[in-house]
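Every number here is computed from the coordinates shown, using simple stated rules; none is lab data. All values derive from a computational prediction rather than experimental measurement. Glycine also receives a Cβ, built like all others from the backbone with ideal geometry; neighbour counts cover every protein chain displayed.
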Number of protein chains: 4
Amino acid sequence: MVFVLKPGVPQQKIERFIQKIESWGFQTFLSTGTEHTVICLIGNTATIDLDSVVQMNDIIEYGKRVTEPYKAVNRTVHPEDTMVNAGNVPIGNGMFQVISGPCSVESEEQIIEVAKSVKASGATMLRGGAFKPRTSPYAFMGLGKEGLQLLLAAKRETGLPIVTEVMNQTQLPLFEDIDVLQVGARNMQNFDLLREVGRYNKPVLLKRGLANTLEELLMSAEYIMSEGNSQVILCERGIRTFETSTRNTLDLSAVPLLKQKTHLPVIVDPSHAAGIRVLVAPLARAAVAVGADGLMIETHNDPAQARSDGAQSLNLAQFEVLMEDLKRRIEFEGKHIGTA
Amino acid sequence: MVFVLKPGVPQQKIERFIQKIESWGFQTFLSTGTEHTVICLIGNTATIDLDSVVQMNDIIEYGKRVTEPYKAVNRTVHPEDTMVNAGNVPIGNGMFQVISGPCSVESEEQIIEVAKSVKASGATMLRGGAFKPRTSPYAFMGLGKEGLQLLLAAKRETGLPIVTEVMNQTQLPLFEDIDVLQVGARNMQNFDLLREVGRYNKPVLLKRGLANTLEELLMSAEYIMSEGNSQVILCERGIRTFETSTRNTLDLSAVPLLKQKTHLPVIVDPSHAAGIRVLVAPLARAAVAVGADGLMIETHNDPAQARSDGAQSLNLAQFEVLMEDLKRRIEFEGKHIGTA
Amino acid sequence: MVFVLKPGVPQQKIERFIQKIESWGFQTFLSTGTEHTVICLIGNTATIDLDSVVQMNDIIEYGKRVTEPYKAVNRTVHPEDTMVNAGNVPIGNGMFQVISGPCSVESEEQIIEVAKSVKASGATMLRGGAFKPRTSPYAFMGLGKEGLQLLLAAKRETGLPIVTEVMNQTQLPLFEDIDVLQVGARNMQNFDLLREVGRYNKPVLLKRGLANTLEELLMSAEYIMSEGNSQVILCERGIRTFETSTRNTLDLSAVPLLKQKTHLPVIVDPSHAAGIRVLVAPLARAAVAVGADGLMIETHNDPAQARSDGAQSLNLAQFEVLMEDLKRRIEFEGKHIGTA
Amino acid sequence: MVFVLKPGVPQQKIERFIQKIESWGFQTFLSTGTEHTVICLIGNTATIDLDSVVQMNDIIEYGKRVTEPYKAVNRTVHPEDTMVNAGNVPIGNGMFQVISGPCSVESEEQIIEVAKSVKASGATMLRGGAFKPRTSPYAFMGLGKEGLQLLLAAKRETGLPIVTEVMNQTQLPLFEDIDVLQVGARNMQNFDLLREVGRYNKPVLLKRGLANTLEELLMSAEYIMSEGNSQVILCERGIRTFETSTRNTLDLSAVPLLKQKTHLPVIVDPSHAAGIRVLVAPLARAAVAVGADGLMIETHNDPAQARSDGAQSLNLAQFEVLMEDLKRRIEFEGKHIGTA
C-alpha cells in the first residue's frame, strides 16, 4: 500500500504520520522524489481500510494498493527514474554509462593498460574480477585481495570508478574503497549476501540469475532496498534456454519490462550473454536502442592469453571502434555519457 | 563441399563440370553471385579427394569442405547477401522492409482501412491471417479462402504486396496471387509443407519454431532451397523459455548469428514474441539496431475488438508514431525502405 | 458445461434434449460411460443459466461448468478411464501395452525379424517408421509406401497391430490397414492433420511436442475428438530444456497430471526422450511405476547399422531382458499386458 | 589422470609415489575402495607421459586419462558405490533412505509430533527448515538458531538423524550437532559455501540448482570433495522449464545418468519439484524404480496451516499410506531401508 502525499507537507507532519503507521505494526519506506513524496507500507495491509486512512489524514493526496510483491523497487512508489551515482558517474534517468575491463585482473600492468585504453575510448567505469566464481574448483579463481588493490591502483591512474564482484559477505570489509559492489548471477538469490550489501551505503550492481524471472530479480533488489540501500543497478546478462549456439540467450525484452515495473536503472552485459566476440557489438547497439541505461563490456589487452573468458572479450582496438559507434547512438537516443 | 570457380568461366564448361559431378552420384546447387560462381555438392562427399578434383579441373579457383549440415543456405556457398523480391519490394542486402497488418482478416472494410493506413505510415508490405492456426478447435480460425480474396482486394487498393500464412500444402493452389507464403512457427518442421513451398517460384517467409534452434531453422530453409526455391526470408519471433512475463523470449542474438551463417535476409516479429503492446516499439528499435532486414508488426484498426491477439496489436495511430521513429533509425543504419 | 443424466433415461429423451441445446447454437458431445451418460456443450456457455436448465429438464441429474478450455478430453466429462482398442489389443483402464520396433523400416527381412523377436519377448504392438520426419532434407526419409507394405507383412506374420507415423493428411488413404495412426511430436500442432485424423475411425497415438505444455497437448487431443474420433492415446516423449546430457528431458510428472485431467490413456517413449540406450531400461521402469498405460521402446536387430537413431535402440536380446523385468513390474502395479 | 594400484601394495610405497607426483606440481586424491586403490592426479596432466609413469613405477596396475572435468566424484576413480553415513543411517550402495519432515520448523510441539509420526511410518531421517531461503524479504525466514535447537530436541525424542539447510558459511558453527548439512538449490554454485562445508567432517546433501546441468552439479560436488569431505549426497529436485503446470520439471533421467558418472548416492525430492501434493506419491514410486538411493518427502501435521509450502506437503496419514507402498517397492528393487 502506498500513500502519495500532497505537495508541500511539512516534514514534521510526515514523521508523525509514519510513527502512527509503524505503531500499527507496519514497516514504512519513504520515497522523496522531485514531484511526489510517497510513503510505502510493508506488511499485511489487507486489514487496513484504505479510504478511512485517506479521509482521516489530510496530508494524503491519495492512496493505492500495490499488488506486486515488491514495494520499494516498484515504480508506483517512485514514479521518477532513479539515478545512481557510482563515484562521480551518474547512471539512469538519462545518463548512460559504459563499464569496461577484463574478466579477471591479472597484473598491475594489465589492468592499468586496459583502464587507460578503455577510458581513452570513452568508457566511464572500470570492471575487473578479483574474486571469480568458477564452475571448477581447479580453475583460476582470481587474485583476490591483491586484485582489489590493483583495481584501486588503476582507479588512481585514471579516475574511473571501480565495479567488482563480491562473492560472500565476509569479504565485504575488503571492498571499502570500491565504488560499486557487483552481486553475480549465481548469487542473485544468495539472500544473506543481498541483505548484507543492503547495509552498505554503496551502489550495488545486481545481475539477473541464469534461470531467474524478472519478478525474482526485482524481489532480490527489494532485499537490498529493504535494508536501506536504494542504490541498486539491475543488469540483464542472458538466461539459460535450449539454444546452444550462444552461451545464454540475451533477453532484451527485460529492459523495457523492468523499466516499466521499477524506477531503478537497468544495464545490459552482452559479453557474458553471448559468449562470442562477434555478437558483442550488435547486441550492444540493440541494448542502447531498447532503452538500457548502460552497458558492461568485457575487454582485454590480449584476449588470446586471457586467464578466463577470452572468447568473448574485445581487444582494445575493437572496443575503441565500438565506442565511436555507441557514442553516436547514445546521442541519437537523447542520452548522455560521462560525468553529469 | 563447394567449388569456387575462376572468374569468366564460360557457361558450357560449368555445365560439363556439373554433369561430371552428378554422374558421381551427387546433387549440385549452382550459385551465381555478382563476384563468384560457386558450385555446391550435396551428398556424402567424404569419398571425394578435394585436391585432385581442384587440380584436374582448371575452371576451379579453389575448393572447400563445408562442415555445417546445411549447404544451399550457407554463407560460405554464397558470400553476398541475398535480396528477395516480394512483388516489387526487395528485402535484404541493404533494403529494410516493414510488414504490417492485422492478425486476422475480419472484413473487407477492416483490411482495406488497415492497409491504407499502414501504407500511409510507411509500411511496405501487408500481412493478415486468412488461415489461422489456433490452439483450440473452438476458436476463430480465420475467414479462409474469403480472407485471401479480401487481402487481394486490399492489394488492389494500395499496391502493397501480401504476406499470409499457408497451413498445409493442399491450400497452396489458393495462394496463386499472394506475394509471400508464410510458413508459421508451428509448421517450421512440417517437412512436407516445406518441400512443397520449395516447388513454388515465390518468396517464403519462414518463422522460427518456438523451441527450435538456429541450426534447425537453417535446415528447414535448406528444405525449401533444396527443391529449387531460393527466395527464403527467415523470421525470429521469440522462443519458449521459463520466463512468463512475456509470451515468448525474443532472441535478438539470432539476427547477427543467422546473418553470419547464411546469406538469406532475416526479419523480426516483436508483436508475437512479446505478446504485450508496450514492448513492440522498444523491441522494433532494437531489431533495427541489431542488424535485421525487416520487421513484421501487428496492427489493428480497433485492437480492443480484434478477433485474435488484440493485446499485442498497435492501433493505427500508434503505428504511425512508431514508423516515424523507425524511418530515422533505418536511415541511421544506412539502409533503405521501400521499392528499390 | 456438462450435464450428467439420471440413470436409465431413454435414448429418445436424450436426443430431444440434444436437439434443443443445438438449436441454441451449441455443439454437443455425448459420452456414454458404464455408470454415467454425460452431455457436453461446446461454445460460449456464459449466457446459459445452469440452474434453470437443470430444473426444467428432468432427465438431468446435475450440471457443472467446465472451466478448462478442453471439453471432450476432460475427465470431468468422462470420469472413467477410456480404453482404446488397437486391433485386438486394449490400452488404458488397467491394460498396459508395450509397443516396440525399429525407428525406420529398412527391409522385409529386418522388420519381420524384429517383429517376431519382440513378440516372443512380450511386446504387444509393432512400431516402425515408413515416413520419417528428418531435420535434414538430405537424410534417409524412410521407405514410404513400401515401408507400410512391409509393416503389414510383419503383421501377417505375427498378428501384432501396427503403429506408424502419418506426416500429412494426403498420405492418409495409404494407412487404411494400419491399426494406429501416429501423429509425431513435430506435428502436434499441425491442426489440419489433427482434424483429418479425427475423421477416421482408428486409434491415434498423439505425441507431445518438444516445447508444448500439457494443456496444449490436451487441446490437440480435443481437435481430434471434436471431429468425432475418441480413440486417442497420449504419449510423453521428452521436452526441450537447457540440459544437454540427454537429448530431451523426459517429463514423467506429465503422466499423473494428464491422468488427473483426462480420461485418455497415456504412454511413455523413453527411447526418443533420452536418446541414450543405457537410460531406456531405468526410465521404462519409472514409467510403469508412475502410472503410465504403456511404453514405446525402440528396438533394432542391429543397432550399430541402423539407418536412424541407432544410439537409442535396444538390440533384441536387451529388449528380451528388459521385458522379463517389466512384466513383473506391470503385475506389481496390478495391471495386465496383452489381449483382454 | 588416475593410477589404479596393484593389490597389496604397502602403504609406505604408496606415500612415496604420492610425494613424487606432488613434487611435480599436481594435487592428488587417494581413493581406497574394497577392491582397488586409486590415485587421482589433479592439474594439467597433458604434460605427463602416461606410459612411462606406469612402466617406471611397479606399484601401478594401469593408468588412465580422465577427460571429464571432475575427478574425485568420477566413477572411474572410484568404481564402487559410495555409502554415506548420516549418523547411524547409511545411504547408497543398496541402502535406501526416506527423509521426511516439514518445510519449516514452527514449534517444538509441531516438530516432535511430525518426527514421531514419520518415524512410526518408516522414515529414517528427519528434515526441517530452520534457516529458510525465501524469494521475498518480507516472508517468514524460519526460526533460525532456535529452529536448530528444536530439531535437536526431536532427534533426542526419536533418534532420527537431522538434515537441515545451511545458507551461508558464517552459520556453520551452529550446525555442530546436525547430522547432514543441506546446501540448497539456490546455493549450488555458492562456491565459498561449498568449499567451507568441504572442510567439515559431516555428510553434505547437495541439491541440484534449478537451471544447472548435471555436469555443473558434479563440479559442485567436486568443490566439496576437493577440500577433503567425501560424504556427499546428490539430490535431484526439478529443473526450470517452460512447463507451468508443475512448479519445476522433475528430471528423473538425472538419477541413472548421475549414477553412471559418479559413485556418490543420488536421492530425489518429489515434493519441491512438483509443488502439488497429488504428484508426490507417483513421483516417489518412479524415483524408487529409476534407481534412486533415497527420497526427501515433505510432511506436515497440518498442511493447511503450514507457514511455507503447504500445497505440496503430505499430511501424516497420507505419508503413512505412502510409506507402506514404498517399503514394498524398495524391497522389490532389492534394497534395504533403515540402519545397516
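Working note: Cα atoms of the stretch B:2-64, range along each principal axis, descending, whole Å: 30, 20, 18. Could you name the aspartates and glutamates whose alpha carbon sits less than 14 Å from that of C:LYS116, not counting residues in the same chain fewer than 8 places away? By straight Cα distance, C:LYS116 reaches C:GLU108, C:GLU157, C:GLU320. Spin-label model, D:LYS327 to A:MET83: label points 7 Å out along the Cα-to-beta-carbon direction sit 7.1 nm apart.
The residues C:HIS300, D:HIS78, D:HIS36, B:HIS336, when put in order of fewest to most other Cβ atoms within 10 Å, stand as B:HIS336, D:HIS36, D:HIS78, C:HIS300. Here's how it looks for D:LEU295: its modeled amide H is under 5 Å from those of D:GLN97, D:VAL98, D:ILE99, D:VAL268, which are all 5 or more places away or on a different chain. Projecting 7 Å from Cα along the Cα-to-Cβ direction, the label point of D:ALA139 sits 2.9, 3.2, 4.2 nm from its equivalents in the other copies, listed shortest first. Dipole magnitude for the stretch B:269-340: about 100 debye, using +1 per Lys or Arg Cβ and -1 per Asp or Glu Cβ, origin at the Cα centre.
Gap in Å between the Cα centre of the stretch C:307-333 and the Cα centre of the stretch B:312-328? For the stretch B:312-328 versus the stretch C:307-333, the Cα centre distance is 59 Å.
When the stretch C:84-332 is described by a simple charge dipole with +1 on each Lys and Arg Cβ and -1 on each Asp and Glu Cβ, the residue from C:VAL268, C:LEU193, C:ALA211 located farthest towards its positive end is C:ALA211. Between the helical axis of D:108-121 and the longest alpha-carbon principal axis of chain D there is an angle of about 70 degrees. For the stretch B:1-141, a simple Cβ point-charge model (Lys and Arg +1, Asp and Glu -1, everything else neutral) yields a dipole of about 140 debye relative to the Cα centre. Among B:CYS103, A:CYS40, sorting on how many other beta-carbon atoms sit within 10 Å of each Cβ, with the fewest leading, yields A:CYS40, B:CYS103.
Neighbour counts of other Cβ atoms within 10 Å put A:TYR62, A:TYR70, B:TYR138 in the fewest-to-most order A:TYR62, B:TYR138, A:TYR70.
Shown for D:LYS6: label points 7 Å from Cα along the beta-carbon vector, and their distances to the equivalent points in the other copies, 6.8, 9.3, 9.7 nm in ascending order.
For chain C, the longest principal axis of the Cα atoms and the long axis of helix C:277-290 meet at an angle of about 30 degrees.
The angle between the Cα long axis of helix B:145-158 and the longest principal axis of the Cα atoms of chain B comes to about 90 degrees, rounded to the nearest 10. The equivalent ellipsoid that matches the C-alpha gyration tensor of the protein assembly as shown spans semi-axes of 45, 43, 39 angstrom, in descending order. Once you divide the Cα radius of gyration of the stretch D:280-340 by 2.2 N^0.38 Å, the number left is 1.21.
Distant-in-sequence amide contacts of B:ASP302, defined by a placed amide H-H separation under 5 Å and a gap of 5 or more residues or a different chain, comprise nothing. Database remark: amide H of D:GLU61 closer than 5 angstrom to the amide H of D:VAL4, D:LEU5, D:LYS6 (H placed geometrically; neighbours at sequence offset of 5 or more, or on other chains; Pro and chain starts carry no H). Across identical copies of the chain, C:GLU61 has label-point separations of 6.1, 6.8, 8.0 nm, listed in ascending order, with the point defined 7 angstrom from Cα along Cα→Cβ. Cross-link reach is defined here as a Cα-Cα straight distance under 22 Å, omitting same-chain residues fewer than 8 places apart; for D:LYS71 the lysines meeting it are A:LYS132, D:LYS6, D:LYS20, D:LYS202, D:LYS207, D:LYS259, D:LYS261. For the protein assembly as shown, a simple Cβ point-charge model (Lys and Arg +1, Asp and Glu -1, everything else neutral) yields a dipole of about 0 debye relative to the Cα centre. Each of D:GLN305 and C:GLU108 was given a label point 7 Å from its Cα along the Cα-to-Cβ line. The distance between the two points is 7.6 nm. Bridge orientation summary for the stretch A:84-332: considering DSSP beta bridges with both residues in this region, about 15 percent are antiparallel.
Helical content alone sets the calculated 222 nm signal of chain C at -10000 deg cm²/dmol, taking -39,500 (n - 2.57) per DSSP H segment of four or more residues and averaging over every residue. Divide the volume of the convex hull around the Cα atoms of chain B by the residue count and you get 141 Å³ per residue.
Please work out the Cα convex hull volume for the stretch C:10-168 and give it in Å³ per residue.
Enclosed volume per residue, from the Cα hull, is 179 Å³.
P(r) tail, the stretch B:158-288: Cα-Cα pairs separated by more than 23 Å, 32% of all pairs. Taking Rh as the Kirkwood radius computed over C-alpha pairs, what is the Stokes-Einstein D of the stretch A:236-340 at 20 °C in a medium of viscosity 1.002 mPa s, expressed in µm² per second? The Stokes-Einstein estimate is 149 µm²/s. Positive end of the dipole of chain A (Cβ unit charges, origin at the Cα centre): among A:VAL288, A:THR32, A:GLN305, the Cα lying farthest that way belongs to A:VAL288. The loop-placed GluC sites (Glu not before Pro) in the stretch B:156-188, going by DSSP, that have at most 10 neighbouring Cβ atoms within 10 Å of their Cβ come out as B:GLU176. Nearest chain C C-beta to the C/B rotation axis, reported as residue and distance in angstrom, is C:ALA211, 1. Within the stretch D:179-222, the trypsin sites (Lys or Arg not before Pro) that combine a DSSP coil assignment with at most 13 other C-beta atoms in a 10 angstrom radius are D:ARG199.
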